Amino acid sequence: MLAVKTNKPVNFSESAQAKAREIMDRYPTGKHKSAIIPILHIAQEENENWLSVDTMDYVAGLMKIKPVEVYEVATFYSMFNLKPVGRFLLEVCHTGPCAVRGAEWLIDYLCSKLNIKPGGTTADNMFTVKGVECLGACGYAPMMQIGKYYYEHLDTPEKVDALIEQLRNRVDYKHENWVV
Amino acid sequence: MGKKLLTEHIHVPGINSFDVYKQHGGYASVERALKQMTPAEVVEEVKKSGLRGRGGAGFPTGMKWSFIDKKSGKPRYLVCNADESEPGTFKDRYLMEKIPHLLIEGMIVSSFALEAHLSFIYIRGEYKWIYELLWKAVNEAKANGYLGHNILGTGYHLDIVVHCGAGAYICGEETALIESLEGKRGNPRIKPPFPAIQGLYGNPTVVNNVESIAAVPWIVNHGGEAYSKFGVGRSAGTKLISACGNIRKPGVYEIDLSLPVKEFLYSDEYCGGMANGKRLKAVVAGGSSVPILPAELFLQTADGKDRLMSYESLNEGGFASGTMLGSGGFIVYDEDACIVRNTWNFTRFYHHESCGQCSPCREGTGWMEKVLHNLESGHGTSGDIDLLWDIQRKIDGNTICPLGDAAAWPVASAIRHFREEFEWHVAEPELSQKRNYGLLNSTKEKLYHTEATIES
């Protein structure tokens, strides 16, 4: 996966910096590297839900570790987006149990409704649709994750339409996102 | 109706708050353990209870605890594995979401037994809102004197850190989880040394599943012997089963481990039978990794005995005709299901989740995914089935961690029990694109095509 460099200066907000320091203090002395995953979640939140190389370098500086230590973690975990995504990332679980209950229909329906392919982003940069592996909601399928929450039992076009409409009209989308 | 040991109070309004939880007998085991028992006595009760690890492997919890190195004088850690990601499994989420203080109570008592003073809950990153619920519970427990310094005036001190992952099935493997908790990629370690000797930060560590830890308060309150009276034989106690697939009532159920599988599947108290009046085709009884069984071998053993939802009964017949209780991820397939497609889907999952350390798993899962995709999309050849069998055999047992085995077993069992369905895909490539094999006579039209979900 190719990481993207933007050459834009990165700086966390005051509150994000304070949060990052607080998280590093949770671990035993000298073991603050443990905080890297929670801090990368904050970094994504600060950078429109994705990690540029610049953001990762900033995190390395903040944590006083080598940039490569950040890259190798960021590239391993599937929740870290290494390229820009839409304002709302619709992550549909498509693993076995969800597939049995209509996950493939949900992906097809979303993609045709929004006129994109799986993994793609709409032209207005509002939505990205992605098939992801098991989210632990097998009994409540079909479902998807958007930001912090799960949206479950999405088994009819009406429910999906209503949800998309609701998202389109939302202004303060950040309040549902990651708070470590 | 079976007795509920973990979920008795789960539907009480407000049970996720400290006060309501305490009013319903919560935190009694902390008082009891810290004030009246020694750590060794707690370990002894858990040993007596016969509690086995509820994450999937079923290793006796008390025995695991007794392996922890207390002689070296190094700090000891308890790490709760809340990285629930086995397809079909959503039981830990249910407990943590509804009754988070039960896990915190279990963590305190278990940490006391291990004489640990810093413990961790590693929760998968996708469960973001539960991560926050757990922090809230930790902070409430601390504010009420159940965490922090000098708990209840007993001199014991403990802190709990809730830690989040970021999407990696492999981190459910205990050594990968430890690596991840140390801030690294989740690559499993070679054992030995086992975590009990050299785990988190090189120190003695025990990693236990959420449900195992949540069972400890009941055991401490009522005694190990009382716990061992539930269930059957070496399958002691109760277990949470997360049921999904083509059933009427998907959800999480706490069952006595002596419950007959027919009752679990068909009774209204549990799964409520098949959805839409369909017939049962196959069941994956314990999460995607365990062998899939056709209906007849699932309901009864090869020699005609009714199966129970216990470790031993589900395993009867070995992998030739049995399966495993695993994590309790119970996936039911009806007469329209396509086993080839399902196997391809699971294999895609394992390929996606392979950490890439060991060649058999890294290369083998991707190879199997391609072959299965060919078969499912009507481009298979007759040699593909034997090829799949050969690949899975070369992965099984040849990797550092059990992810390789977990990827091999679903393929092996699908071919073992449903070979004719694979052969049908080869013999009838066009028909197989129009309808599923189902129970051969399925008339359901196939609506979606494999290409739709392949990631760019």
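The values are calculated or read from the model by the stated rules, or taken from the named source; none is laboratory data. These figures come from a predicted structure and were not determined experimentally. Note: ideal-geometry Cβ built from the backbone for every residue, glycine included; neighbour counts use all protein chains shown. Calculation scope for accessible area: heavy atoms of the full protein, side chains included, ligands and nucleic acids excluded. Shrake-Rupley method; radii C 1.70, N 1.55, O 1.52, S 1.80 Å.
Things worth noting here:
Conditions tested, residue by residue: (1) open to solvent by less than 10 Å² (accessible area, probe 1.4 Å); (2) within 14 Å of another protein chain (Cβ to nearest Cβ); (3) farther than 20 Å from A:S34 by Cβ.
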| site | (1), (2), (3) |
| --- | --- |
| B:E115 | no, no, yes |
| B:E126 | no, yes, no |
| B:A143 | no, no, yes |
| B:G153 | no, no, yes |
| B:R189 | no, no, no |
| B:F194 | no, no, yes |
| B:L200 | yes, yes, no |
| B:V207 | yes, no, no |
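- Among the residues of segment B:169-187, those that are more than 9 Å from chain A (Cβ to nearest Cβ), in contact (Cβ under 8 Å) with a residue 24 or more places away in the chain and either within 30 Å of B:G25 (Cα to Cα) or open to solvent by 10 Å² or more (accessible area, probe 1.4 Å) (or both) comprise B:G172, B:E173, B:E174.
- In segment A:11-20, the residue that is farthest from the other protein chains (Cβ to nearest Cβ) out of those that are open to solvent by less than 30 Å² (accessible area, probe 1.4 Å) and out of contact with any Lys or Arg (no Cβ under 9 Å at 6 or more places or on another chain) is A:A16.
- Some residue of segment A:21-31 being touching a helix residue (DSSP H, G or I) at 6+ places or on another chain (Cβ under 8 Å), over 23 Å from B:E182 (Cβ atoms) and open to solvent by 10 Å² or more (accessible area, probe 1.4 Å): no
- Looking across segment B:339-388 at every residue that is within 12 Å of another protein chain (Cβ to nearest Cβ), among the polar types (S, T, N, Q) and part of a loop (DSSP other than H, G, I, E, B), the one that is most open to solvent (accessible area, probe 1.4 Å) is identified as B:Q357.
- Scan of segment B:314-338 for residues that are more than 11 Å from chain A (Cβ to nearest Cβ), touching a residue at least 60 places away in the same chain (Cβ under 8 Å) and outside any loop (DSSP other than H, G, I, E, B), ordered by number: B:F319, B:A320
- One residue stands out among those in segment B:68-93 that are more than 10 Å from every other protein chain (Cβ to nearest Cβ) and farther than 20 Å from B:V216 by Cα: the one that is least open to solvent (accessible area, probe 1.4 Å), which is B:D69.
- Every condition in (1) at pLDDT below 95; (2) crowded, with 24+ Cβ neighbours inside 10 Å; (3) not charged (D, E, K, R) is met by B:G2 except one, and the failing one is (2).
- Condition check for B:K278: within 14 Å of chain A (Cβ to nearest Cβ), open to solvent by 40 Å² or more (accessible area, probe 1.4 Å) and in contact with a strand residue (DSSP E or B) (Cβ under 7 Å, 6 or more places away or on another chain): yes
- The one condition in (1) open to solvent by 30 Å² or more (accessible area, probe 1.4 Å); (2) over 28 Å from the mean Cα position of the chain (by Cα) that B:L34 fails to fulfil: (1)
- Residue in segment B:228-241 that is within 14 Å of chain A (Cβ to nearest Cβ), under 22 Å from the mean Cα position of the chain (by Cα) and not small (G, A, S) present: yes
- Whichever residue in segment A:47-59 is within 17 Å of B:G167 (Cβ to Cβ) and in a loop (DSSP other than H, G, I, E, B) and, among such residues, is nearest to the other protein chains (Cβ to nearest Cβ): A:L51
- Breaking point among (1) buried (at least 18 other Cβ atoms within 10 Å of the Cβ); (2) not assigned by TED's automatic domain parsing to the domain that holds B:G304; (3) not acidic (D, E), for B:F330: (2)
Table: residues versus (1) open to solvent by less than 10 Å² (accessible area, probe 1.4 Å); (2) modelled with pLDDT under 95; (3) facing another protein chain (nearest Cβ under 8 Å).
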position	(1), (2), (3)
A:E45	no, yes, no
A:G61	no, no, no
A:P67	no, no, no
A:V70	yes, no, no
A:M79	no, no, yes
A:C93	yes, no, no
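- Filter result for B:E105 (open to solvent by 10 Å² or more (accessible area, probe 1.4 Å), modelled with pLDDT of 95 or more and touching a Phe, Trp or Tyr at 6+ places or on another chain (Cβ under 9 Å)): no
- Residue list for segment B:218-250, filter: open to solvent by 10 Å² or more (accessible area, probe 1.4 Å), closer than 30 Å to A:C93 by Cβ and in contact (Cβ under 8 Å) with a residue 24 or more places away in the chain: B:N246, B:R248
- Residue check, B:R32 among the charged types (D, E, K, R) and touching a strand residue (DSSP E or B) at 6+ places or on another chain (Cβ under 6 Å): no
Each row is one residue, and each column tells you yes or no for (1) open to solvent by less than 30 Å² (accessible area, probe 1.4 Å); (2) in contact with a Cys (Cβ under 7 Å, 6 or more places away or on another chain); (3) in a helix (DSSP H, G or I).
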site: B:Y270; (1), (2), (3): yes, no, no
site: B:A282; (1), (2), (3): yes, no, no
site: B:L293; (1), (2), (3): yes, no, no
site: B:F298; (1), (2), (3): yes, no, yes
site: B:G304; (1), (2), (3): no, no, no
